[in-house]
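The values are calculated or read from the model by the stated rules, or taken from the named source; none is laboratory data. It should be emphasised that the depicted structure is a prediction, and the values quoted were computed from it without experimental measurement. For neighbour counting, all protein chains shown are included, and Cβ atoms are generated from backbone atoms with ideal geometry for every residue, glycine included. The accessibility values were calculated without ligands, DNA or RNA, using every heavy atom of the protein model including side chains. Shrake-Rupley method; radii C 1.70, N 1.55, O 1.52, S 1.80 Å.
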Amino acid sequence: MATFKFLKFTFCDQSYQLRHSGKPINIRPKTAQAIELFVNNPQTLITKGEMHTALWGTPQHQDYRLFQVISEIRKLAPNNDLIRTQPNHGYYWLAPTEKLTVKKSNKVTHYAIAACLAISCITATSLLIKENNTFEPALPPTFSSYTNAVDAYRSQDYATAQKWLEFSLKENPYSQEAKLLLAEIKFSQQQLAHAKQLAHELVLENESQSYYRGQAFSLLSRIAAIQNNFNDALDFAIQGKESAEAGFASCSAHMFEQQIAALVNKQQDTPLNSKARLQIDSEQALSNSSENTIEKSEHAQLCKELKYSVTSKRECKNVEYTAQLIGFRQFIA
């Protein structure tokens, strides 16, 4: 473990904790990984391929994601030149960086600390044990605050829900559940621009987390539907369904089928560009749709009990039309 100092910042390469004048700064994991790479290699050219490999595990990656990380680091100190770009090659870390030494304590200090920890554990344990020697369940602050937010959201007390979610995100800035629910609250309050921003962040942050990526697509689809952008609404819903299926979330996939059906039911009379193109993949799309039907199981029953809300409560009566739209989208993609 090492702690580095640059400007008024300190950075721990083990906890990925960044502080400015002693105050913690919330940064994304990829941004922290990039800072770790830079502070360990100051005044050294780090190629884009090396950064892609360090952050995403492969030298082949989309450059715009790397640009986003570099931009986030530069915004930490906009009045200072932290990074210099070497066009078409990579980046230099310019900020003077110092590796701080950790003072080693003597054995007596270690024993004292160990004794204090032991006493603290015994005291904490005694407080948790009841007379019948059973433990009282205690949830971490992030779980408790998120649970409070869910209860408030169900009661449509959006102000209270938002307060608890903001608290939860301060405790754990990487809580995808909290960010997703906050986006839903903004959507319920008709704050579509903020909801859309949060949903896009979730899509970008969850390249490998298909569940959260799918739920973010669901929200983007509903926002597009409200803004009467049918093509985007359908495209987002289909991408969400694909993400849910990739993560084997059969209940979520069924939710997207309902969402797609509701969109189709609303726009059934809208002519498409080419009926001939629709026919090309209709049979294959119908086959795929039937394969993704939720099986009769305990999981399916629990899914029904959740009563997911979708864009519309109406079910699509014309299944073939739905399948044709999906096939059309796959054909022109």
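Which of the pairs Lys5/Lys75; Lys30/Lys179; Lys8/Lys179; Lys30/Lys186; Lys8/Lys163 have their Cα atoms more than 22 Å apart in this structure?
Numbers: Lys5/Lys75 17 Å; Lys30/Lys179 17 Å; Lys8/Lys179 29 Å; Lys30/Lys186 26 Å; Lys8/Lys163 31 Å.
The pairs that break the limit, which is 22 Å between Cα atoms, are Lys8/Lys179; Lys30/Lys186; Lys8/Lys163.
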Completion exercise
Note, the range 88-101: 3J(HN,Hα) by Karplus (6.51, -1.76, 1.60, θ = phi - 60°), whole Hz, Gly/Pro = x, goes 6, 10, x, 9, 10, 8, 9, 5, x, 10, 10, 8, 7, 8
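Can you classify the range 141-225 as rounded, prolate or oblate using the Cα gyration tensor, where a ≥ b ≥ c are the square roots of its eigenvalues, rounded means a/c under 1.5, and otherwise it's prolate if a/b beats b/c and oblate if not? Don't skip to the end; give the middle numbers.
Numbers: a/c = 2.06, a/b = 1.23, b/c = 1.68.
It comes out oblate by the Cα gyration axes.
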Fill in the blank from the handout: With x for Gly and Pro, the residue-by-residue ³J(HN,Hα) of the range 183-194, computed from phi through the Karplus equation 6.51 cos²θ - 1.76 cosθ + 1.60 at θ = phi - 60° and given in whole Hz, is 4, 5, 5, 4, 5, 5, 8, 6, 8, 5, 5, 5
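Can you tell me which of 140-149, 28-37, 233-242 comes out highest on packing, and rank the rest after it, using the mean Cβ neighbours within 10 Å? If you can, show how the numbers build up before the last one.
Numbers: 140-149: 17.2, 28-37: 19.0, 233-242: 23.6.
Ranking the peptides 140-149, 28-37, 233-242 by packing returns 233-242, 28-37, 140-149.
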Exercise for the section: Could you order peptides 254-267, 160-173, 43-56 by the average number of other Cβ atoms within 10 Å of their residues, highest first? Expected result: 254-267, 160-173, 43-56
Fill in the blank from the handout: Sequence order, the range 34-50: Karplus ³J(HN,Hα) from phi using 6.51 cos²θ - 1.76 cosθ + 1.60, θ = phi - 60°, Hz rounded, Gly and Pro as x, gives 5, 4, 4, 5, 5, 5, 7, 9, x, 6, 10, 5, 10, 5, 4, x, 5
Fill in the blank from the handout: Rounded to one decimal in nm, the spacing of the 7 Å Cα→Cβ label points at Gln190 and Thr147 is 3.5
Exercise for the section: On the protein heavy atoms, probe 1.4 angstrom, tell me the percent of accessible surface of the range 160-209 carried by carbon and sulfur. Expected result: 50
Fill in the blank from the handout: Spelling it out for Gln17: with amide H atoms placed in the peptide plane at 1.01 Å from N, the residues 5 or more places away or on another chain with amide H under 5 Å from its amide H are Cys12
